[in-house]
Protein chains: 4
Amino acid sequence: MSLDRRDPEGAIAGAAKAYSNWGRWGEDDVLGTLNFLDEAKRREGMALGRRGVSFSLSQRFDMNGPQKGWRRRTNPIHTMLMTGTDAALGNQGSPHGIGGADDLITMPLQCSTQWDGLGHVFDHGKAWNGRDAQKVVTADGDLVTGIEHMAAHVAGRGVLLDVGRVIGVGGGTSRSSGAGSRGELPDGFAITEEHLTATAEAHGVIVGRGDIVLVRTGQLARVRREGWGEYAGGDAPGLSFTTAGWLHASEIAAIATDTWGFEVRPNEFEGAFQPLHQVVIPNMGLLVGEMWDLDALAADCADDGVYEFWLTAAPLPITGAVGSPVNPIAVK
Amino acid sequence: MSLDRRDPEGAIAGAAKAYSNWGRWGEDDVLGTLNFLDEAKRREGMALGRRGVSFSLSQRFDMNGPQKGWRRRTNPIHTMLMTGTDAALGNQGSPHGIGGADDLITMPLQCSTQWDGLGHVFDHGKAWNGRDAQKVVTADGDLVTGIEHMAAHVAGRGVLLDVGRVIGVGGGTSRSSGAGSRGELPDGFAITEEHLTATAEAHGVIVGRGDIVLVRTGQLARVRREGWGEYAGGDAPGLSFTTAGWLHASEIAAIATDTWGFEVRPNEFEGAFQPLHQVVIPNMGLLVGEMWDLDALAADCADDGVYEFWLTAAPLPITGAVGSPVNPIAVK
Amino acid sequence: MSLDRRDPEGAIAGAAKAYSNWGRWGEDDVLGTLNFLDEAKRREGMALGRRGVSFSLSQRFDMNGPQKGWRRRTNPIHTMLMTGTDAALGNQGSPHGIGGADDLITMPLQCSTQWDGLGHVFDHGKAWNGRDAQKVVTADGDLVTGIEHMAAHVAGRGVLLDVGRVIGVGGGTSRSSGAGSRGELPDGFAITEEHLTATAEAHGVIVGRGDIVLVRTGQLARVRREGWGEYAGGDAPGLSFTTAGWLHASEIAAIATDTWGFEVRPNEFEGAFQPLHQVVIPNMGLLVGEMWDLDALAADCADDGVYEFWLTAAPLPITGAVGSPVNPIAVK
Amino acid sequence: MSLDRRDPEGAIAGAAKAYSNWGRWGEDDVLGTLNFLDEAKRREGMALGRRGVSFSLSQRFDMNGPQKGWRRRTNPIHTMLMTGTDAALGNQGSPHGIGGADDLITMPLQCSTQWDGLGHVFDHGKAWNGRDAQKVVTADGDLVTGIEHMAAHVAGRGVLLDVGRVIGVGGGTSRSSGAGSRGELPDGFAITEEHLTATAEAHGVIVGRGDIVLVRTGQLARVRREGWGEYAGGDAPGLSFTTAGWLHASEIAAIATDTWGFEVRPNEFEGAFQPLHQVVIPNMGLLVGEMWDLDALAADCADDGVYEFWLTAAPLPITGAVGSPVNPIAVK
């Protein structure tokens, strides 16, 4: 798929139509491409936990996170309802020496490592499966495709495509000096189908139907070193709009990246905002993860040369949510 | 272990001392009994995903949940930052027909299916591993044993002990008529070591070092049928104080139940409050889960007679949290 | 105005048209009847603070308030960010012995004593002054008539109409025994124009243009004695739909009651929901206050026979809010 | 009072002792210097509302406010529970054409215009009136001096001291060029007793017992022009530590400024943190307001030469709060 930059509306509409999965799993579907992740796929994935080592792919949910208020996205506010200090000083009035602590959180569901639910993005007023956005996601939440429906499904074969490491190395593509030498793509770098397939080939791994694909750009490693900057909402490496066809044809169940927005920023069309989201969420029904921390897993994969694993990334079943924080666990 | 009801302070102190794991994993330990869950155990667990069928063991995070404000625990408040309605009506000003929805949550970390972190309970001002509670959990959160440290660890072999089904059947122990016949223990029913071992035997399953043990009482099934009532904070079936020895000797990594408080309520000592928590969390370092939904998994286990499975129950790495919501996934 | 119960739609439409103030203060108006409260009125009000005694007319903002989750309205959740306990134990690391405490609140803006903003209610998709509701109050808040615009205005002459005391006394109208004898109207009691004018006459007070009128039903006194019950969202005494004409003709600036919903509940039309709101907020532009605590002020007025006073009830200027908590202060 | 910069501990202890009001209003006092604001004072204040013009002295409570997370202080998060968009599209299912909007806020109580409660600051583990901080402000809030106790009291005579205008004009004291010429004091400018009395004299106003004194530095005007920068928590003009004696001797009821922290920042002792707070809140029992917007009022006072007015600044009675947002209303 080539990119015609002169006609964003047309390009988006074309891709939306070409790669639509509307109706593919019936009128009532609330799972989208998660339908590809079946029991056979899970059995295949379960065979990959050979060493028994586990990795958390979640960033922390932390007051000092990257959010700065864009789209009213703030960092989590974590407060204590009861403390050890009060327990130690006898302020809790509990019997026999017991004391307790409790806590509370307020957070946008997109503040840190997260899944985008199927109700997170619309295309010309249409939500996943061709439904009217205005009847699906109201102020009462997502009344149809709330992320609670995915609660039991997101566990299967995971594949890491460390594009930062494979493409970024020695990269003359790097904007900031030395970025490439650390296995990082520069901001604004558009990952194409060619990059994805070359990376898979370099890793000796095959991406297939029902897989959960993790694409590492290295941006998180960079901001971890240099400071958050505009990590949440700013420029970033990410998938090119032109990968829509590959995302569709590969029949993967889900994809996640170490960036805030999955696709390349700035977007490839002038004046556009997340056109690949517009194609893959409402039209393709693809589950998209963002702000994942793939660095420790990637280091291990580089060590042992094994880029496939068992992955569990279950969203919290928050009724009517259009996204969910998640702590994905990879086991090799 | 027998129960001397005349001396709660003495009984608690005795159990705390007898079953303490302080220092067992070094001065700096932040994992407690999760240390039992090693890579060998994970390999053993990974072999259990034979059919590839997955179960979510999480209740929903829902405004209409069981919380009524006890200990300032409320149900989650989920609000939308952007809606499909606004997207459809063109209120979002986004280019090329894209629209979006975002959301926010405010919730006590103990409001629904959850893990108790090691900083959740203290014994006479002492937190896990003998630390001073007042230096561990302040208004800034758990500065030492925050649940973020467990992020990568909680994935291993799970075992279901469906005590409700094995002990509750035909039960003259039932207070409300017919409860026993549905595989449910009545409120106030104290599950003893004998019940646990009899259940394991009936299931043909062995509980061992590093396991994550799930104890089903059937209370959640009952309140789902009859209404929440006092599910959050009220009377409940649960583990007897006398199981402390078994919990210690078995060297399990974690335990979870389908009740709000894990142990039997009312507690077995007059005027006591959660004495088993007081022993197992700060002294034993045991990871305790509450309000899990074990019903669908239990039905499947009853069907195929297999009560062991691969279990991933990763807490959200909320910095300094003393608990975490979780969507545990069992795969058989 | 008589009440035709057979045609709620017609009655509402008729009143909406008859008592509309659309355009009265120009196309751009964001104040509604607050326009009646001018400087002359304020000078008149300032003369009423003769004794210098002040009354707070606010209920507390308290976790143990009346809300039960109806319309996702919960009680406030107040948590501490820093505590005196930590300060005393030296956990704050501050120099020279200083310590501090900070706190946080999460609350629906309608949870306790409050003003309804002009964007709180719509009539057939129309907001105040004839604007399209869908362009005024989106998920981004009230973009036009947000309560911040009223910040400086709500200070003027207050008049108490203690209908509970005047009409409720000895009342055969009372449902619960003895309610009338305490100066309380029973739930479901519809206060008519006749009740309002009889009460003003009994008090020897005249209601005029630009006044802020406080109507006491006594319901709050009753629930304070008997328990919250369904105070927030349930049955209540309150203004009859038929008072719409009086509310319009009197040219008052604002009105507030000691009930959750200002108008009588159940409403006077079968199947209706707050029809008087539907007339007075979007069509008349009237500022409506709810859940005010008028009891201490009313006792004082009964004592000295003076039912007029200086009243300041400034909403918090929360950008885009459709309501605001308020602590109204009456000075006599 | 002169300033000995070599001995901060000693200077603070000396001032704390010299200007203590502990016990002055009895053992059980919860009002501090608000005790000075009596009915006679209110009568005096009520006489000042001559023109009937009112001013809101509150900044907005806005997502785009100055907070950046220091001390976990964030800007308010305002979300909608119901919207006009949903009402217009018929998503609410309400009868007869009525629609509604509701909203929710999460905010630190110190995020914008606010009062510091008496439980906000401690001195060597002591709270107001000599109480133990650890027994007064726990994780359950301020159990003794919660701001709800002040609900009815904060209405009286207000006096504006526009130090920015009087002292800042033509000021060689200004760090940033031209600041003085706009009636603004530069950051780090310490306002002394001499500045206060010179300002009062220039205004022709007398500060007396029971007054609520508003000190304008002009910093808010500057940040409004130049961007928030470090307005919340950074350097600022403000009261010198040496004004403690004047604050005590004048017997004012309360004081407020247009800065985040009332006293000069950086503080006048090396390594100190808010030493004047440490003296005036826990020892003197003084009510302190911060982040007030005094600019419109100050412009009017400069116009008509009248610097006294009726002021109502009632905190929300949030149970157990150590601070409260407030919309203060001045009437001249």
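The values are calculated or read from the model by the stated rules, or taken from the named source; none is laboratory data. Note that this is a predicted model, so its numbers are computed, not measured. With ideal geometry, Cβ positions are generated from the backbone for all residues, glycine too; neighbour counts draw on all protein chains shown. Heads up: the accessible areas ignore ligands, DNA and RNA and are worked out on the full protein's heavy atoms, side chains in. Shrake-Rupley method; radii C 1.70, N 1.55, O 1.52, S 1.80 Å.
Worth pointing out:
- For the range C:182-235 versus the range D:1-45, the gap between their alpha-carbon centres in whole angstrom: 43
- Distant-in-sequence amide contacts of C:Ile252, defined by a placed amide H-H separation under 5 Å and a gap of 5 or more residues or a different chain, comprise C:Gly210.
- Sequence-distant lysines (8 or more away, or on other chains) whose Cα lies within less than 19 Å of D:Lys41: C:Lys332, D:Lys332
- Average partner coverage of B:114-122, which counts Cβ from other chains inside 10 Å: 4
- Within 10 Å of each Cβ in C:146-155, the average number of Cβ atoms from other chains: 5
- The B:Arg5 and A:Glu270 beta-carbon pair, evaluated with R₀ = 56 Å, returns a calculated FRET efficiency of approximately 0.15.
- Applied to the range B:239-245, the Karplus parametrisation 6.51 cos²θ - 1.76 cosθ + 1.60 on θ = phi - 60° returns per-residue 3J(HN,Hα) values of 5, 6, 3, 6, 7, 3, x Hz, with x for Gly and Pro.
- Projecting 7 Å from Cα along the Cα-to-Cβ direction, the label point of B:Glu230 sits 2.5, 5.5, 5.8 nm from its equivalents in the other copies, listed shortest first.
- For the pair the range A:280-295 and the range C:122-155, the centres of their Cα atoms are 37 angstrom apart.
- GNM flexibility winner over chain A from A:Ser250, A:Ser54, A:Ser94 (Cα, springs under 10 Å): A:Ser94
- Accessible area of the protein assembly as shown belonging to carbon and sulfur atoms, whole % at 1.4 Å probe: 48
- Distances between placed amide hydrogens fall under 5 Å for A:Gly323 paired with A:Gly117, A:Ile147, all partners being 5 or more residues away or on another chain.
- In sequence order, calculated HN-Hα J values of the range C:91-102 (Karplus, 6.51, -1.76, 1.60; Hz; x Gly/Pro): 7, 9, x, 8, x, 6, x, 6, x, x, 9, 9
- Proximal lysines relative to C:Lys68, as straight alpha-carbon distance under 21 Å, when same-chain residues fewer than 8 apart are discounted: B:Lys68
- Under 26 Å from the Cα of C:Lys135 - lysines, other chains or at least 8 residues apart: A:Lys126, A:Lys135, C:Lys17, C:Lys126
- Where a label projected 7 Å from the Cα of A:Thr197 along Cα→Cβ would reach, residues of the range A:247-282 with amide N under 19 Å: A:247-253
- The orientation-averaged shadow of the Cα convex hull for the protein assembly as shown, equal to a quarter of the hull surface, comes to 50.2 nm².
- The simple spin-label model puts a point 7 Å past each Cα toward its Cβ; for D:Asn64 and B:Trp228 those points are separated by 3.8 nm.
- Spin-label model distance (nm) - D:Ala249 vs D:Ala18, 7 Å beyond Cα toward Cβ: 1.0
- Helical mean residue ellipticity (222 nm; -39500 (n - 2.57) per DSSP H run of 4+; nearest 500) of chain D: -5500 deg cm²/dmol
- Residues whose amide H falls under 5 Å from that of A:Gly49, counting only those 5 or more places apart or on a different chain, are A:Trp310, with hydrogens built in the peptide plane.
- Take each residue of peptide A:36-44, count the partner chain Cβ atoms within 10 Å of its Cβ, and average: the result is 3.
- Interface burial for D against B (accessible surface, 1.4 Å probe, total of both chains, Å², rounded to 100): 1000
- Coil-residue GluC sites (Glu not before Pro) of the range A:15-97, DSSP, other Cβ within 10 Å capped at 13: A:Glu27
- Choice from D:Arg50, D:Arg60, D:Arg182 showing the highest fluctuation, given a GNM over chain D with Cα pairs closer than 10 Å: D:Arg50
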